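Chemist: Here you go, one structure.
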Amino acid sequence: MIEEIIKLYSQGYTKEELAKKFHTTKHHIATILSSRGISRVSKDTVEDLLKKGYKAKEIAKMLDISRATLYAFLSKQNIKRRYV
């Protein structure tokens, strides 16, 4: 099951879609992925989206994460929330 979750996630399935498919919670899917170091979030990706003018809500949706997770990532990476 775990290998299939990883495979499908890498193919673009969201955590919510995977949770429905495997009859579990989005949180459980996120735990499985993060425990294996799998994430769609990268510093370059987030900075690029911010520079293009996307709002946090939009970026979080694109990356399939919560805004709180995005803000924590920004803080940890010392990335400004807004680019001028």
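Chemist: Where the second residue is of a type in the set (F, W, Y) and surrounded by 13 or more Cβ atoms within 10 Å (Cβ to Cβ) and the first is free of Cβ contacts under 8 Å to residues at least 60 places away in the same chain and over 15 Å from K61 (Cα atoms) and lies in region 9-28, which pairs have Cβ atoms under 9 Å and are six or more apart or on separate chains?
Modeler: Between residues of region 9-28 that are free of Cβ contacts under 8 Å to residues at least 60 places away in the same chain and over 15 Å from K61 (Cα atoms) and residues that are of a type in the set (F, W, Y) and surrounded by 13 or more Cβ atoms within 10 Å (Cβ to Cβ), the close pairs are L18/Y9; K21/Y13; H28/F22.
Chemist: Please count how many residues of region 24-56 are under 17 Å from K80 (Cβ atoms) and not in a loop (DSSP other than H, G, I, E, B).
Modeler: Count: 10.
Chemist: Sticking with this structure for a sec: For region 16-37, which positions are within 13 Å of I2 (Cα to Cα) and among the charged types (D, E, K, R)?
Modeler: K21, R36, listed by residue number.
Chemist: Could you list all residues from region 1-23 that are in a loop (DSSP other than H, G, I, E, B) and either modelled with pLDDT under 95 or within 15 Å of R40 (Cα to Cα) (or both)?
Modeler: The answer is M1, Q11, G12, Y13, T14.
Chemist: Pick from E47, E16, E4: which is among the acidic types (D, E) and in contact with a Lys or Arg (Cβ under 7 Å, 6 or more places away or on another chain)?
Modeler: Sole residue among the options that is among the acidic types (D, E) and in contact with a Lys or Arg (Cβ under 7 Å, 6 or more places away or on another chain): E16.
Chemist: So, one more: Report whether or not V46 is at pLDDT 90 or above and under 11 Å from the mean Cα position of the chain (by Cα).
Modeler: On the way: at pLDDT 90 or above: yes; under 11 Å from the mean Cα position of the chain (by Cα): yes.
When the stated conditions are applied, V46 passes them.
Chemist: Could I ask something else about it? Pull up region 32-44, narrow it to residues that are of a type outside the set (G, A, S) and closer than 19 Å to M62 by Cα, then point me to the one that is surrounded by the fewest Cβ atoms within 10 Å (Cβ to Cβ).
Modeler: The selected residue is D44.
Chemist: Quick one: in region 57-76, which of the residues that are assigned to a loop (DSSP other than H, G, I, E, B) and of a type outside the set (A, V, I, L, M, F, W, C) is farthest from the chain's Cα centre (by Cα)? Give the derivation first.
Modeler: Filtering region 57-76 for residues assigned to a loop (DSSP other than H, G, I, E, B) gives 64-66.
From what's left, of a type outside the set (A, V, I, L, M, F, W, C): 64, 66.
Working: D64: 4, S66: 8 Å.
That would be S66.
Each row is one residue, and each column tells you yes or no for (1) farther than 23 Å from K76 by Cα; (2) loosely packed, with under 12 Cβ neighbours inside 10 Å; (3) in the same structural domain as A68 (by TED's automatic domain parsing).
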{"position": "Q11", "(1), (2), (3)": "yes, yes, no"}
{"position": "E17", "(1), (2), (3)": "yes, no, no"}
{"position": "K21", "(1), (2), (3)": "yes, no, no"}
{"position": "T24", "(1), (2), (3)": "yes, no, no"}
{"position": "H27", "(1), (2), (3)": "no, yes, no"}
{"position": "A30", "(1), (2), (3)": "no, no, no"}
{"position": "E47", "(1), (2), (3)": "no, no, yes"}
{"position": "K52", "(1), (2), (3)": "no, yes, yes"}
{"position": "A56", "(1), (2), (3)": "no, no, yes"}
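The values are calculated or read from the model by the stated rules, or taken from the named source; none is laboratory data. On a predicted model such as this, the values are computed, not experimentally measured, just so you know. Note: ideal-geometry Cβ built from the backbone for every residue, glycine included; neighbour counts use all protein chains shown.
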